[in-house]
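What follows is calculated from the coordinates using simple rules that are stated; it is not laboratory data. No experiment lies behind these values; they were computed from the predicted model shown. A quick note on method: Cβ atoms are made from the backbone with ideal geometry, for glycine too, and the neighbour counts reach across all protein chains shown.
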Amino acid sequence: MSRVTNPDEVGARAKLTQLTQEHRDLDTAIAAMVHAGNTDLMAMARLKKRKLQLKDEITEINNGLLPDIIA
């Protein structure tokens, strides 16, 4: 049985996938910088800041996709 989804949800899930991949890519880039002994602290700080922004966006989209559960 296939599940019918609305276009907004499909778009949100696609955006979530894109943001999650970018977040993983930043993890890889940061790890590579550390492993290579890169001492460019400004570049590292920018990558980490972007990673935190992505985490916030991912959380916001997830919250919008999950139904509110009243305990």
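Cα axis of helix 7-36 to longest principal axis of the chain: angle in degrees, 0 to 90, nearest 10? Roughly 20 degrees, rounded to the nearest 10. Please compute the net charge surrounding Leu16, taking Lys and Arg as +1 and Asp and Glu as -1 over other residues with Cβ under 14 Å from its Cβ. That sum, taken over residues with Cβ under 14 Å, equals -2.
Remark: the Arg24-Gln53 segment gains 9.1 nm on full extension, using 0.36 nm per residue and subtracting the alpha carbon distance. Can you check what the net charge comes to around Ile30, using other residues whose Cβ is under 14 Å from the Cβ of Ile30 (Lys, Arg +1; Asp, Glu -1)? Here the count lands on +3. Residues in segment 51-59 carry Karplus couplings, in order, of 4, 5, 4, 4, 4, 5, 5, 4, 4 Hz; the curve used is 6.51 cos²θ - 1.76 cosθ + 1.60 with θ = phi - 60°, and Gly or Pro positions show x. Where Lys and Arg each count +1 and Asp and Glu each count -1, what net charge lies around Leu41 among other residues with Cβ under 14 Å from its Cβ? With Lys, Arg at +1 and Asp, Glu at -1, the net is +2. Values (1) 1.90; (2) 0.96; (3) 1.48 are given for comparison; Cα Rg over 2.2 N^0.38 Å, derived from the coordinates here, is the one labelled (3).
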